[in-house]
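Trainee: Structure in structure tokens, see below.
Since every read-out is calculated from the coordinates, none of them should be taken as a lab result. Just so it is clear, the structure is predicted and the values come from calculations on it, not from any experiment. Every residue, glycine among them, receives a Cβ derived from its backbone with ideal geometry; neighbour counts consider all protein chains shown.
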Amino acid sequence: MAVQTVAGNTASSSAQAVDLGPAAALSCRECGERFELGPLFACASCFGPLEVAYDLPTGSPEELRKRIEAGPDSIWRYAPLLPVPADVAEKPNINPGFTKLVKADNLARELGVTGGLYVKDDSGNPTHSFKDRVVAIAVEAARAFGFTTLSCSSTGNLAGAVGAAAARAGLRSCVFIPHDLEQGKVVMAAVYGGELVGIEGNYDDVNRFCSELIGDPLGEGWGFVNVNLRPYYGEGSKTLAYEICEQLGWRLPDQIVIPIASGSQLTKIDKGFQELVKLGLVEDRPYKIFGAQAEGCSPVSAAFKAGHDVVRPQKPNTIAKSLAIGNPADGPYVLDIARRTGGAVEDVTDEQVVDAIKLLARTEGIFGETAGGVTLGVTQKLIEAGVIDPTLTTVVLNTGDGLKTLDAVSATSQATATIKPSLDAFRAAGLASA
Ligand SMILES: *Cc1c(COP(=O)(O)O)cnc(C)c1O
């Protein structure tokens with residue numbers, strides 16, 4: 001296949017070949033045309049989205065498994081499967097990943113799951129959301145292409161992850177968010193010292209603005225992690241698939257429930273599972289992928305239920321702001337994957353989101369953000385509907401920390417009693433054990 005070079009807004013003047021490890025080229029998801037590695041995101045022929053194509057390792061699965069297991073406790077243990085240079089772990093990066101896979105037996109009992117229920121808890125990442133995974137990869141691409149400013153359009157978590165990663169990597173950052181985000185997310189995006197710009201509009205307006213900025217001299221030399229670096233960024237989500245399989249003892253889960261914002265995470269987890277099968281690292285057996293949305297922003301769920309192949313954009317209105325993308329770029333691919341694997345896409349109300357956040361906290365001691373509530377709420381709904389099989393191994397993602405979205409539960413999570421500091425007062429409150 002011919003490799004074509006297309007001018008991108010790269011800041012690098014050197015013609016030196018970029019070293020992104022096993023990444024060989026970019027290839028179009030729609031027509032398969034290949035392009036040289038660069039800051040490109042759309043196919044020059046058909047405008048389809050580009051993704052990273054690899055020269056994957058050829059050794060025996062046992063060897064590769066051993067090499068991974070001996071690697072660092074971060075996503076860099078999977079460097080041979082990622083678009084990053086081999087010495088990535090020695091560079092200044094926030095080193096996310098290898099978060100806990102919690103066997104959630106209390107929650108399983110409550111939900112009647114007998115086949116094994118696990119929560120993949122990504123609140124343990126450096127900036128407390130799964131976004132550190134995708135940003136860490138984008139930083140390496142930005143370095144390789146010579147970008148000096150890191151940017152993004154964000155529903156909140158991404159802005160914080162970019163701010164932190166840029167600070168560590170010694171890059172400038174300037175990130176864009178809807179002006180009305182949760183206070184916790186604004187502070188977390190600003191505290192790392194980069195520029196933070198609130199846009200008067202929703203996420204889809206922010207994203208449109210960033211697309212304009214990329215094409216303008218004002219954005220010259222900027223790496224937008226989820227726009228012109230999107231093919232690399234997306235690969236970070238594969239590490240969730242790798243970790244879950246490794247932590248299950250190199251085995252695919254039977255069922256997995258994943259939140260959907262743009263849908264990138266869901267599509268790349270599927271890609272990660274398929275790569276592990278191809279490499280012989282896990283046994284090839286069927287798995288089902290389920291997508292979760294909030295009712296107030298459920299364009300993919302609506303399309304799934306209506307049997308449509310295209311996703312009609314919505315105007316988001318939900319407390320799950322990290323998932324509030326009304327026009328999700330990967331929506332059609334999510335529909336394909338849910339249908340191909342025998343999964344489903346479902347949505348829950350904001351009230352169910354809050355209930356699910358509290359259920360996870362009460363049963364497993366894990367405080368998830370609203371996206372986690374969406375995912376567990378949908379899991380619960382699909383178990384009740386008989387769509388998720390309770391006798392099979394099921395993994396539920398918690399993609400962010402509840403401290404980021406305190407408002408969602410603050411009204412219903414308060415002190416049980418407020419008393420004078422005396423035993424009499426405590427007795428009167430009726431909380432004593434005897
Ligand atoms: C961004 C985000 C997601 C999903 O993102 P995609 O755009 O679908 O990849 C899920 N959970 C949280 C907490 C997020 O910040």
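Trainee: Using alpha carbon centroids, what distance separates region 297-333 and region 141-204, in Å?
Mentor: 24 Å
Trainee: What residue among Ser237, Ser262, Ser211 has the largest mean-square fluctuation in a Gaussian network model of the chain, using Cα springs under 10 Å?
Mentor: Comparing Ser237, Ser262, Ser211 in the GNM, the peak value goes to Ser211.
Trainee: Report ³J(HN,Hα) in whole Hz for each residue of region 91-101, in order, from the Karplus equation J = 6.51 cos²θ - 1.76 cosθ + 1.60 where θ = phi - 60°; Gly and Pro get x.
Mentor: So the J values, rounded to whole Hz, are 8, x, 8, 7, 6, x, x, 6, 6, 5, 9.
Trainee: Only loop residues by DSSP count here, and only those with at most 13 other Cβ atoms within 10 Å; note down the GluC sites (Glu not before Pro) in region 241-331 that meet that.
Mentor: Those satisfying the criteria are Glu283.
Trainee: Could you go through region 237-248 in sequence order and give the Karplus-derived ³J(HN,Hα) for each residue, using 6.51 cos²θ - 1.76 cosθ + 1.60 with θ = phi - 60°, rounded to whole Hz, and x for Gly and Pro?
Mentor: My calculation for region 237-248 gives 5, 4, 5, 5, 5, 4, 5, 4, 5, 4, 6, 8 Hz in order.
Trainee: Something else now. Give the Rg/Rh ratio for the chain, taking Rg as the radius of gyration of the Cα atoms and Rh as the Kirkwood radius, to two decimals.
Mentor: On the Cα set of the chain, Rg over Rh gives 0.98.
Trainee: For Glu33, list long-range residues whose amide hydrogen, built 1.01 Å from N in the peptide plane, is under 5 Å from its own amide hydrogen.
Mentor: Sorted by chain and number, the residues that satisfy this are Cys28.
Trainee: Another one. Using modelled backbone amide H atoms (1.01 Å from N, in-plane), which distant-in-sequence or interchain residues come within less than 5 Å of Lys288's amide H?
Mentor: Under 5 Å from the amide H of Lys288 lie the amide H atoms of Gln255, Ile256, each far enough along the sequence or on another chain.
Trainee: Enumerate the calculated ³J(HN,Hα) couplings along region 358-373 in order (Karplus 6.51 cos²θ - 1.76 cosθ + 1.60, θ = phi - 60°), each rounded to whole Hz, writing x wherever the residue is Gly or Pro.
Mentor: Those phi angles translate into 6, 4, 5, 5, 5, 8, 10, x, 10, 9, x, 7, 4, 4, x, x Hz.
Trainee: Counting Lys and Arg as +1 and Asp and Glu as -1, each charge on the Cβ, what is the dipole of the chain about the Cα centre in debye, to the nearest 20?
Mentor: Using Cβ point charges on Lys, Arg, Asp and Glu, the chain gives about 480 debye.
Trainee: Which of these, Asn106, Asn327, Asn226, has the largest mean-square fluctuation under a Gaussian network model of the chain (Cα springs below 10 Å)?
Mentor: Judging by the Gaussian network model, the answer is Asn106.
Trainee: What shape does region 172-272 have by the C-alpha gyration tensor, where a ≥ b ≥ c are the square roots of the eigenvalues, rounded means a/c under 1.5, and otherwise prolate means a/b greater than b/c and oblate the rest?
Mentor: prolate
Trainee: Now for a different question. Quick check: the distance between the Cα centres of region 25-69 and region 77-114, to the nearest angstrom?
Mentor: Cα centroid to Cα centroid, the span is 21 Å.
Trainee: For region 201-348, rounded, prolate or oblate, judged on the Cα gyration tensor with a ≥ b ≥ c (square roots of eigenvalues), a/c < 1.5 rounded, else prolate if a/b > b/c?
Mentor: oblate
Trainee: Can you list residues whose amide H is under 5 Å from Leu229's amide H, if they're 5+ apart or on another chain and H is modeled 1.01 Å from N?
Mentor: Here Phe224 satisfy the definition.
Trainee: Using the Cα centre of the chain as origin and beta-carbon charges of +1 (Lys, Arg) and -1 (Asp, Glu), tell me which of Ile383, Pro72, Ala415 is placed farthest towards the positive end of the dipole.
Mentor: The one lying farthest along the dipole's positive direction is Ala415.
Trainee: Separate question: Given a 10 angstrom Cα cut-off, can you work out which residue in Asp105, Asp122, Asp87 is the most mobile in a GNM of the chain?
Mentor: Per the Cα network of the chain with a 10 Å cutoff, Asp87 tops the list.
Trainee: Sticking with this one: 222 nm [θ] for the chain, helices only, -39500 (n - 2.57) per DSSP H run of 4+, per residue, to 500?
Mentor: Here the helix-only value at 222 nm equals -10500 deg cm²/dmol.
Trainee: Please report the spacing between the Cα centers of region 239-294 and region 373-434 in Å, no decimals.
Mentor: Cα centroid of region 239-294 versus Cα centroid of region 373-434: 27 Å apart.
Trainee: Let me ask something else. Work out the charge dipole of region 248-331 with +1 on the Cβ of Lys and Arg and -1 on the Cβ of Asp and Glu about the Cα centre, then indicate which of Thr267, Leu248, Ala294 is farthest towards its positive end.
Mentor: Ala294
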